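Throughout, read-outs are computed from the coordinates displayed, never taken from laboratory work. Just so it is clear, the model here is predicted, and its values are computed rather than measured. With ideal geometry, Cβ positions are generated from the backbone for all residues, glycine too; neighbour counts draw on all protein chains shown.
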Amino acid sequence: MSERLADRYLAEAAKRGVEAEVQVVASHRQEVVARSGTVELAGETADTLVALRLHDRARTGFATASGEADPAAVVERARAVLGHLPPAEEVPADDRKPRAAAAEEPWMPLSVARTLAQELVRGDGGAAEYELRCSQERRRVWLASSLRGASSYVASVAAAVFRATSWAGEAVGHAEQSDHDVSLHALLERAAERVRGPALAQARLLARGRPFRGPLPDRVVVDAAVAGRLVALLGESFRGDAVAEQRSRLAGRLGEAVATPCVTLVDDPLAPEAPFRAPLDDEGSATRRRVLVRAGVLQAFLADRRFAERVPGAPPGSGWRHPPRAAPRPRPCNLFVAPGREPLPGMDAPLRLVQTYGMHMANNVTGDFSVGAAAVVGWNGDEVGVTGLTVAGNVLDLLRDVEAVGPELRWIGSGTTHYGASDLFVRGLSLGW
Amino acid sequence: MESARVRHRRPDLTASALESLDLQGLLHAAAKPSWRHADVLVEESLELTCHFADSAVGDATTAADRGICVRCITDEGLAYRSADRVGPETIRDLLGGLEHGEAPTPRATSPAASPVDEELDVSGFFALLTRIDKAARDVDPRIRQVTIDAEHRLRRATIATLDRGPVEERRRLVYLTIRIVATERGRVATGFSTPATSGHDDDLDEEAIGREVARRALVGLQARPAPIAHLPVVVGPGRGMVLVHEACCHPLEADEVLRGSIYAARVGEPIASPLLSIVDDPLLPGAAGTYAVDDEGTPAAPTTLVEGGVLRSFLTDTVTALRLDARRTGNGRRQSYRHSALPRMSNTCVLAGDSNPADVVADTKRGIYAEHVGGGEVVESTGDFVFRVTNGYLIENGVLTDPIEETTLRGNGARVLLEVDAVGNDVRPGAAKCAKHGHVLPVGLSGPTVRIRSLLVGGTAA
């Protein structure tokens with residue numbers, strides 16, 4: 001069906017004498033929300049997105065539509081908008097042979113997901129409450145071009161977010177743990193160990209938590225979940241459009257040391273350990289593993305077809321639609337700090353940052369962040385929760401303050417964009433309390 | 001020359017086919033005794049989004065979307081199914097599998113109409129962005145970049161429930177996210193603003209917007225590190241009401257109340273300073289979160305949340321109203337037909353107080369003036385929240401002195417609302433995007449200058 005739909009759009013474009021490329025994404029998404037032993041919500045969506053790219057007189061125009069739309073109307077609309085855009089160069093799609101797509105993941109029936117989710121949120125008699133939000137999505141992607149022919153692949157992505165709330169008298173502790181995978185089967189199979197247990201333990205610690213008491217350690221451990229949020233902020237500076245538009249502090253610094261030698265930053269849309277895997281980006285370019293920072297030295301940026309020529313060190317292959325109905329722009333797919341081989345070194349008074357909130361408000365131009373936070377601190381052999389903190393710093397400066405990278409990679413994200421990190425041992429953060 | 005306007009007229013055949021759908025009849029035909037509520041939403045939208053940089057539109061996309069969502073609520077919970085096809089067979093198919101979780105049946109599609117019978121003025125929209133860019137760059141040569149992510153959305157929804165025949169709701173929104181970069185001797189600073197209107201484009205004064213965001217970026221070049229300290233904070237009017245949105249109103253959304261938010265079971269109790277009165281008003285003219293009917297078909301009306309410091313109401317959608325045995329307040333909102341509704345804020349309005357804003361600053365010995373605020377986040381179960389100050393100043397002996405770098409203010413909602421000790425008489429509007437469980441919606445803000453006795457300023461200077 002996707003092939004026929006794409007052909008209709010190509011035919012409409014040909015009638016008007018313009019070159020066209022079409023991406024058809026047929027998606028099926030299911031979600032379950034369970035809380036306190038019951039399933040509160042279960043639902044699903046099936047839809048088809050048609051994304052059109054037109055080339056006419058050195059201009060490129062875009063349009064998207066749902067599967068039922070009239071191709072003639074959508075092509076006309078894209079042409080009309082295209083007429084208002086300035087001419088702009090772009091490179092053709094990288095049509096090297098794509099790497100092999102992952103095998104299609106088994107689909108978990110909604111009824112099974114409901115049952116498993118319900119089990120995971122049953123109370124254990126303690127003063128705690130659990131909530132699980134889990135989802136799975138399968139995308140069948142078809143890319144067709146009036147110049148290059150067609151390709152297709154299937155991708156799956158699943159997520160589980162577990163929230164635990166614990167009470168100790170009047171005090172409340174809250175913790176959230178997320179896990180991501182290509183398979184909901186895998187996620188729910190390991191959820192008790194991977195998200196439920198850690199979330200509950202953390203919520204209980206924070207419910208019995210207290211304000212921070214000094215002295216402040218000059219080095220802290222940034223938990224992998226928090227580090228993933230920092231990687232997301234960092235990713236903005238590697239986008240080719242940010243470099244070209246002078247919104248990245250890394251512009252013009254290829255070959256410079258921008259991080260400590262223990263930091264290697266990679267974007268790999270087909271990383272076997274990543275929760276989303278795509279052999280082609282949303283512009284039809286074959287995706288590649290890109291090392292952006294190797295042992296602390298800046299090596300490359302991420303580009304789509306429009307920014308590949310404008311930005312040195314940025315071949316195409318990173319053009320993604322985010323949100324799905326926007327034009328493709330340079331974005332990471334699976335951006336991660338390569339994990340270390342050894343556990344982090346021990347510390348005398350370890351402070352582990354386990355939660356931040358407000359990271360989405362950080363400044364993605366300067367890299368400055370200042371967020372609310374909670375931590376777990378080791379005192380006299382016991383772990384104590386600490387709430388009410390603020391943590392401030394600059395993510396680009398922080399790259400030069402990473403002293404060690406832990407071995408276990410964790411992921412955050414959604415859709416076609418995920419960020420991975422292990423625990424980081426860093427100095428230079430400003431903590432307030 | 002291309003037409004300056006992109007017209008989208010629906011062919012009569014499809015228009016009449018859509019309008020003749022007996023949505024309520026289809027619901028009744030499928031209804032089961034276990035259903036306490038059921039509804040169907042048919043949504044059509046047309047959106048123009050573009051990215052403006054280097055004084056030109058870099059890319060632009062039109063997005064035409066149309067689909068259906070059906071839902072039922074039973075004692076077991078809520079089930080929904082949605083698809084991007086519109087027609088009686090699709091609705092029957094979706095309703096039939098509601099409680100079984102079967103994948104919607106793929107069907108051959110046929111060309112359908114454009115989604116809304118209105119028009120987008122493409123050239124006028126692009127010209128508006130160009131005027132903002134020019135106004136900003138004319139302020140000072142240190143302005144290096146002006147980027148605008150702009151969206152213009154038209155949306156029509158028809159909603160029917162088991163109890164109520166179809167109601168139609170039309171919305172229009174222009175929302176701009178403006179970032180201006182200023183540089184001087186290697187230092188980089190940014191100005192940020194998100195003007196929006198659900199009314200007419202004339203509501204946006206592009207000259208004033210461009211100049212103001214440029215000024216914010218230039219002030220940032222002189223900023224010094226923000227302190228790490230508990231200090232009095234004077235929050236500016238308009239978008240500054242993000243403070244109240246985070247500290248108070250998210251925990252008043254009824255799904256959070258059911259999860260045990262800090263305000264659960266406290267209706268009728270004082271939760272805030274007597275100076276504070278807060279209303280959620282979806283009827284505020286031209287605001288980003290304005291609508292006449294919510295996304296479940298409930299007529300919209302202002303809801304008084306806090307009156308003179310006393311908690312009066314929560315914000316409900318259909319599910320939470322049933323579970324709490326409360327009235328529906330018309331706050332069931334969804335990002336699109338692909339999502340079920342959640343109780344969400346519309347336009348958060350803090351009512352004017354008596355204080356002159358200049359007097360509020362003059363009466364502050366040492367503190368922070370949060371002139372412009374970015375976003376925020378709250379943990380509803382604990383009430384801990386943060387919000388970001390993108391432009392702020394130190395207050396020293398009642399006078400604004402040095403600008404400070406971007407920072408975050410942290411507090412606990414339950415305490416902070418009680419520590420409001422001044423409310424100005426200078427109500428201004430603002431707009432923001434609010435994300436909840438990954439569902440992003442435009443919301444409006446309206447309110448005056450407000451002072452809080454103490455918040456933790458999360459800076460970098462000891």
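To make sure I understand, if each residue's beta carbon is the centre and we count other beta carbons within 10 Å, what order do A:LEU52, B:LEU283 fall in, fewest to most?
On the way: A:LEU52 27, B:LEU283 15.
Starting with the residue having the fewest Cβ neighbours, the order is B:LEU283, A:LEU52.
As a test of the formula, what do you get for chain B when each DSSP H run with n ≥ 4 contributes -39,500 (n - 2.57) and the sum is divided by the residue count, at 222 nm and rounded to the nearest 500 deg cm²/dmol?
Rounded to the nearest 500, it is -5000 deg cm²/dmol.
Label B:ASP202 and A:ARG341 with points 7 Å out from Cα along Cα→Cβ: what is the distance between them in nm?
Result: 7.1 nm between the two label points.
All other residues with a Cβ under 9 Å from the Cβ of A:LEU270 taken together, and with Lys, Arg as +1 and Asp, Glu as -1, what is their net charge?
+3
Please label the shape of segment A:11-79 as rounded, prolate or oblate, based on the square roots a ≥ b ≥ c of the eigenvalues of the alpha-carbon gyration tensor (a/c under 1.5 means rounded; beyond that, a/b larger than b/c means prolate, else oblate). Walk me through the numbers before you get to the answer.
Numbers: a/c = 4.78, a/b = 3.59, b/c = 1.33.
The shape class here is prolate.
Taking the Cα of A:ARG190, stepping 7 Å toward and past its beta carbon, and measuring to each backbone N in segment A:217-231: which are under 16 Å?
Counting backbone N atoms under 16 Å from the label point, the list is A:224-225.
I need the calculated FRET efficiency for the pair A:ALA201 and A:GLU403, taking r as the beta carbon distance and R₀ as 35 Å, to the nearest 0.05. Let's see the in-between values first.
Details: r = 26 Å, r/R0 = 0.75.
About 0.85, to the nearest 0.05.
Measuring from a point 7 Å past the Cα of B:ALA292 along Cα-to-C-beta, which residues in segment B:298-341 have an amide N at less than 20 Å?
B:298-303, B:329-334
Rounded to the nearest 0.05, what FRET efficiency do A:GLU309 and B:THR130 have when you use their Cβ-Cβ distance and R0 = 22 Å?
0.35
B:ASP22 to B:ASN425: FRET efficiency via 1/(1 + (r/R0)^6), r the Cβ-Cβ distance, R0 56 Å, to the nearest 0.05? Intermediate results must be reported in sequence, preceding the final value.
Numbers: r = 52 Å, r/R0 = 0.93.
The value I calculate is 0.60.
Using alpha carbon centroids, what distance separates segment A:211-242 and segment B:27-60, in Å?
35 Å
How high is the relative contact order of segment A:210-432? Use alpha-carbon pairs under 8 Å, at least six apart in sequence, and give a whole percent.
About 28 percent, as a whole number.
Summing +1 for each Lys or Arg and -1 for each Asp or Glu, what net charge is found among the other residues whose Cβ lies under 10 Å from the Cβ of A:GLY385?
+2
Once the piece of chain linking A:ALA88 and A:CYS262 is laid out straight, how much longer is it, given 0.36 nm per residue of separation minus the C-alpha distance between them?
58.7 nm
Indicate the gyration tensor shape class of chain B (rounded, prolate or oblate), computed on the Cα atoms with a ≥ b ≥ c the square roots of the eigenvalues: a/c under 1.5 is rounded; otherwise a/b larger than b/c is prolate and the rest oblate. Walk me through the intermediate numbers first.
Values: a/c = 2.49, a/b = 1.37, b/c = 1.82.
Note, shape of chain B comes out oblate.
Per DSSP H run of n ≥ 4, the term is -39500 (n - 2.57); total these for chain A, divide by its residue number, and report the mean residue ellipticity at 222 nm rounded to 500 deg cm²/dmol.
-5000 deg cm²/dmol
Just to be sure I understand: of the beta bridges DSSP finds with both ends in the protein assembly as shown, what percent are antiparallel, rounded to 5?
90 percent
Cα to Cα, under 30 Å, and not fewer than 8 places away if on the same chain: which lysines meet these conditions relative to B:LYS134?
Of all the lysines, those that pass the test against B:LYS134 - Cα under 30 Å, at least 8 places apart if same chain - are B:LYS433.
Hey, what did chain B get for relative contact order, percent, Cα under 8 Å, at least 6 apart?
Over chain B, the number comes to 16 percent.
Give me the net charge for the shell around B:ALA362: Cβ to Cβ below 12 angstrom, other residues only, Lys and Arg +1, Asp and Glu -1.
-1
Among A:110-119, A:200-209, how do they line up by average Cβ neighbours within 10 Å per residue, starting with the highest?
By packing density, highest mean first, the sequence is A:200-209, A:110-119.
So what's the gap between the Cα centers of segment A:123-147 and segment B:217-264, to the nearest angstrom?
First find each Cα centre; the distance between them is then 30 Å.
Hey, got the average number of other protein chain Cβ atoms within 10 angstrom for residues in B:70-83?
Across B:70-83, the average partner-chain Cβ count within 10 Å equals 4.
Cut-off 20 Å, label point 7 angstrom out along Cα-to-Cβ of A:ALA171: give me the residues of segment B:253-288 whose amide nitrogen falls inside.
Counting backbone N atoms under 20 Å from the label point, the list is B:261-263.
When the chain is fully extended, how far beyond the present Cα-Cα distance does B:ARG142 get from B:THR177, taking 0.36 nm per residue of separation? Can you show the working numbers first?
Numbers: separation 35, 0.36 × 35 = 12.60 nm, distance 2.05 nm.
Gain on stretching B:ARG142 to B:THR177: 10.6 nm.
Classify chain A as rounded, prolate or oblate from the Cα gyration tensor: take a ≥ b ≥ c as the square roots of its eigenvalues, call it rounded if a/c is under 1.5, otherwise prolate when a/b beats b/c and oblate if not. The partial results should precede the final answer.
Values: a/c = 2.42, a/b = 1.46, b/c = 1.65.
Oblate.
On a C-alpha basis, how far is the centre of segment B:281-322 from the centre of segment A:253-308 in Å? Whole number, if you could?
Each part reduced to its Cα centre gives a spacing of 45 Å.
Let me know the mean shielding of B:395-408 by other chains, meaning the per-residue number of their Cβ atoms within 10 Å of its Cβ.
Going residue by residue through B:395-408 and averaging, the value is 2.
Which order, highest average first, do B:321-331, A:40-50 follow once you tally other Cβ atoms within 10 Å for each residue and take the mean per peptide?
In decreasing order of mean packing, B:321-331, A:40-50 become A:40-50, B:321-331.
Treat each spin label as a single point 7 Å out from the Cα along the C-beta direction, and report the A:ARG96 to A:ARG208 distance in nm.
The two pseudo-label positions are separated by 5.5 nm.
Defining a contact as two alpha carbons under 8 Å apart and six or more residues distant in sequence, what relative contact order in percent does chain A show?
Computed value for chain A: 15 percent relative contact order.
Using packing as a proxy for protection, rank B:314-320, A:145-151 so that the peptide with the highest average count of other Cβ atoms within 10 Å comes first.
Top of the packing list down: B:314-320, A:145-151.
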